[in-house]
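The values are calculated or read from the model by the stated rules, or taken from the named source; none is laboratory data. Treat the numbers as computed from the prediction; the structure is a model and nothing was measured. Here the Cβ positions follow ideal geometry from the backbone for every residue, glycine too, while neighbour counts run over all protein chains shown.
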Ligand code: PGA
């Protein structure tokens, strides 16, 4: 059984006190009505992780970072290592978000190194893939995501995949209010399972959790999450307010068998 995951990517939002407040409201909602079938994870900016780890301590809210460096330590001004994330209380990390790829020029070899280093350090990874609008219009969606699986996950074995979740995030749907239809997302999720089988090992695809991301909101969450191959959501805009984030968690609970 693939347990659903609702993950909130805060991006560059919330100061430390604002983040602590948001985390407190999520924890309090979790305590009032603990979701039985859904994992909840939050990814605040690095600088808030330590303070927020005190808030989520003892609760079921998972805490992670939005990125990390590909080295354990060294002369990499402005970067953060996996051991630093762990020492601040983070257990998860997002790797290969399209904003990192587009604005910070992260390529497959960096992403591959980061994923391997995160797993080596026992951080659980959410690995993001997805095509741009131009690529979709040229009918290249499948080629692009297959390529990302192939190169970003190079050398990974079946046992690594237990600690890795994939997030399919079509770039044209991120922060644009344009969501992939449930059918469009389902089609690519099913394709990604085959891609994981082809790249990693037969049978791993159906065990791997694959989240959808890109303008997920309370209004469209249920339709997306009820698709057979969509195992949760990576939420940006709608996770910045506890109420709307919580509605998405409830939608996941509702559709989980
Ligand atoms: P969005 O962001 O929900 O604001 O589209 C999703 C993401 O980038 O992870």
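Structural remarks
- Test result for residue 35, at pLDDT 95 or above, assigned to a loop (DSSP other than H, G, I, E, B) and over 28 Å from residue 105 (Cβ atoms): yes
- Failed item in (1) surrounded by fewer than 17 Cβ atoms within 10 Å (Cβ to Cβ); (2) more than 16 Å from the ligand (Cβ to nearest atom), with residue 116 passing the rest: (1)
- Residue in region 67-90 that is touching a strand residue (DSSP E or B) at 6+ places or on another chain (Cβ under 6 Å) and within 16 Å of the ligand (Cβ to nearest atom) present: no
- For region 89-119, the set of residues classified as over 21 Å from residue 41 (Cα atoms) and part of a loop (DSSP other than H, G, I, E, B) consists of 104, 105, 106, 107, listed by residue number.
- If the condition is being near the ligand (Cβ under 10 Å from one of its atoms) and not in a strand (DSSP E or B), then region 204-247 contributes 214, 215, 216, 217, 236, 237, 238, 239, 240.
- For region 120-163, a residue qualifies if it is in a strand (DSSP E or B) and crowded, with 22+ Cβ neighbours inside 10 Å, and the qualifying residues are 125, 126, 127, 128, 129.
- Residue among 62, 8 that is within 19 Å of the chain's Cα centre (by Cα), surrounded by fewer than 21 Cβ atoms within 10 Å (Cβ to Cβ) and part of a strand (DSSP E or B): 62
- Checked against (1) surrounded by 16 or more Cβ atoms within 10 Å (Cβ to Cβ); (2) modelled with pLDDT of 95 or more; (3) under 23 Å from residue 100 (Cβ atoms), residue 252 meets all criteria but (3).
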